[in-house]
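These notes are about the structure you will find just below.
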Amino acid sequence: MPLRFFNTLTQELELFQPLKDNTVRMYTCGPTVYNFVHIGNFRTFTFQDILRRWLRYRGYALDHVMNVTDVEDKIIVNAAKEQKSIEDYTRGYTKAFFEDAAALRLEQPEHVTPATKHIPEMIEAIQTLTAKGYTYTNEGSTYYRISNFPDYGKLSHNDFTGLRSAARVDQDEYDKADARDFVLWKGRKGDEPYWPAPFGDGRPGWHIECSAMAMSFLGETLDIHAGGIDLVFPHHENEIAQSEAITGKPFSRFWLHSEHLLIESQKMSKSLGNFYTLRDLLEMGNEPEVIRYLLASVPHRKKLNFTFEGLKAAAKSIERLRDFEARVTSAKLPAGKNQIISDRSTAAVRQFEESLDDDLNTAEALAAIFEYVRAMNTALDENQFQEDNRWEAAKVLEVFDTIFDVLKPSAPRAVKIEGPSDGEIEALIAERNQAKKSRDFRRSDEIRNLLLEKGILLEDTKDGVRWKRK
Ligand code: AMP
Ligand code: ZN
């Protein structure tokens, strides 16, 4: 069976092929850089990495765009508290995100770009929506009028008929004519950052950011749009409403969503405060590839319950594979080839491929590999392995590792040897400033000491905090 994905839009498993040539045009919603990204977010980004790698394994080229949301309510509030520009505030967290993504071996999308570099495209998109009669303004802000877009709800399969209550569906705190309406452009308020636009000074809403960036890089119709399940509504529904109103064409053919990572059966989220960052887990001594394995091991449409036992099990699994790799590489084997083993190796690759073709069923793909390794260890015990079987087994592991990428141990963390990176230091200082502002002196001292242990000296000056390496 060829490659197929479950499409949120149609609620069906559908055969996948790109629309044009051999290139998959894909857009994924990137992080909002107001804090360290937690491992729940990284579950979604790891799923997208597996998706990328599998598409390439299947012979497709990728044109993948990911935005970095660097203007947003929480960013503005936090930056103002620290008396920083949003650029200065988001710089450290953006850098930290890329460092963490690299530690998890996530491939960089072909285009990664901050929202604030694409304001003109967003302004233009809003102007087109206005020209087509999809907007209205209220107190300097511009809104999307949902009642003009009859398809609204087709992605989330929500029935909105009759919903005109005062209850807000969108979190943006602005006045709207209809509860479903959402803000495209927020009018300038007080000292908040703003950009000039023909329809008034202000800043873009989150939804228009993705529509404008996706279409300016990838054209009117994408092959795949992906994100975490919480983005289906309202974010992706709103992206469809904007983009399809502008072009009159389908915005994305496939919509792929990953389920949440839970902790103690609750969604891991920054707002609930129940989160671990990658850095927390690395500080506890976990290897990045173990975390990657755990995040990738549960198929993306199933919830993943994060536990420390789960991490231990992931470490054991990797160890088993590495042990087998070492054993196969170094075993003294008689010349020749055992056909039964050759067939078993071919079957393992086939099962692995079939599982990933089936909506990226990583759990089954792993099961195929572990069954194979068990059988091959027995074959080695029973001296059935021959010299020509060696490279066949190596090939199975190579195929596995092209996707899962966990066999090679990570170099000991640069952080441990050379101290933290600038991005990490700046982000910790930002957290310390925050702690001091909220009079959490225990936390602010803790951060100072943590940095001191790593050889970073902090100096509080009247212009803010300066730091240097010892
Ligand atoms: P954010 O930085 O909040 O915009 O989120 C970045 C990505 O992480 C989005 O695709 C979210 O849907 C996703 N996400 C947020 N929380 C979780 C979670 N607990 N598990 C999996 N994905 C998540
Ligand atoms: Zn988005």
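The values are calculated or read from the model by the stated rules, or taken from the named source; none is laboratory data. Owing to the predicted nature of the structure, the values given are computational and were not obtained by experimental measurement. Note that each Cβ is placed from the backbone with ideal geometry, even for glycine, and that neighbours are counted across all protein chains shown. Just the protein is used for accessible areas: all its heavy atoms, side chains included, with ligands, DNA and RNA removed. Shrake-Rupley method; radii C 1.70, N 1.55, O 1.52, S 1.80 Å.
Does R56 meet the test of being farther than 21 Å from I229 by Cβ, assigned by TED's automatic domain parsing to the domain that holds A103, out of contact with any His (no Cβ under 6 Å at 6 or more places or on another chain) and within 16 Å of ligand 2 (Cβ to nearest atom)? Here the answer is no, as R56 does not meet what is asked. Taken over the range 287-309, the criterion of being open to solvent by 20 Å² or more (accessible area, probe 1.4 Å) and more than 17 Å from F404 (Cα to Cα) is satisfied by R301, K302, K303, N305, T307, F308, E309. The listed residues are N22, N7, N35, and the only one of them that is more than 16 Å from ligand 2 (Cβ to nearest atom), closer than 16 Å to H300 by Cβ and over 13 Å from the mean Cα position of the chain (by Cα) turns out to be N7. Is it true that some residue in the range 273-280 is in contact with a strand residue (DSSP E or B) (Cβ under 8 Å, 6 or more places away or on another chain), open to solvent by 40 Å² or more (accessible area, probe 1.4 Å), farther than 26 Å from F98 by Cβ and in contact (Cβ under 8 Å) with a residue 24 or more places away in the chain? No - not one qualifying residue is present in the range 273-280. Of the residues making up the range 240-252, at least one is at positive phi and either not assigned by TED's automatic domain parsing to the domain that holds Y152 or not basic (K, R) (or both). Checking each residue in the range 291-312 for being among the polar types (S, T, N, Q) and away from ligand 1 (no atom under 12 Å from the Cβ) picks out S297, T307.
How do the helices (runs of 4 or more DSSP H) wholly within the range 332-439 filter down when requiring 2 or more residues that are basic (K, R) and surrounded by 13 or more Cβ atoms within 10 Å (Cβ to Cβ): which remain? Passing ranges, in order: 387-404, 422-437.
One residue stands out among those in the range 64-98 that are acidic (D, E) and surrounded by fewer than 19 Cβ atoms within 10 Å (Cβ to Cβ): the one that is farthest from K117 (Cα to Cα), which is E82. The residues on offer are S269, S317, and the sole one that is farther than 20 Å from V37 by Cβ and either out of contact with any strand residue (DSSP E or B) (no Cβ under 8 Å at 6 or more places or on another chain) or away from ligand 2 (no atom under 16 Å from the Cβ) (or both) is S317. Taking the range 189-248, which residues are touching an Asp or Glu at 6+ places or on another chain (Cβ under 6 Å), open to solvent by 50 Å² or more (accessible area, probe 1.4 Å), more than 17 Å from L155 (Cβ to Cβ) and in contact (Cβ under 8 Å) with a residue 12 or more places away in the chain? If the condition is that a residue be touching an Asp or Glu at 6+ places or on another chain (Cβ under 6 Å), open to solvent by 50 Å² or more (accessible area, probe 1.4 Å), more than 17 Å from L155 (Cβ to Cβ) and in contact (Cβ under 8 Å) with a residue 12 or more places away in the chain, then S216 is the only one that fits. The listed residues are I246, I291, I240, I263, and the only one of them that is within 13 Å of ligand 2 (Cβ to nearest atom) and among the β-branched types (V, I, T) turns out to be I240.
Counted as qualifying within the range 65-160 are the strands (runs of 3 or more DSSP E) with 1 or more residues that are more than 15 Å from ligand 1 (Cβ to nearest atom), free of Cβ contacts under 8 Å to residues at least 40 places away in the same chain and in contact with a Gly (Cβ under 9 Å, 6 or more places away or on another chain), namely 135-138.
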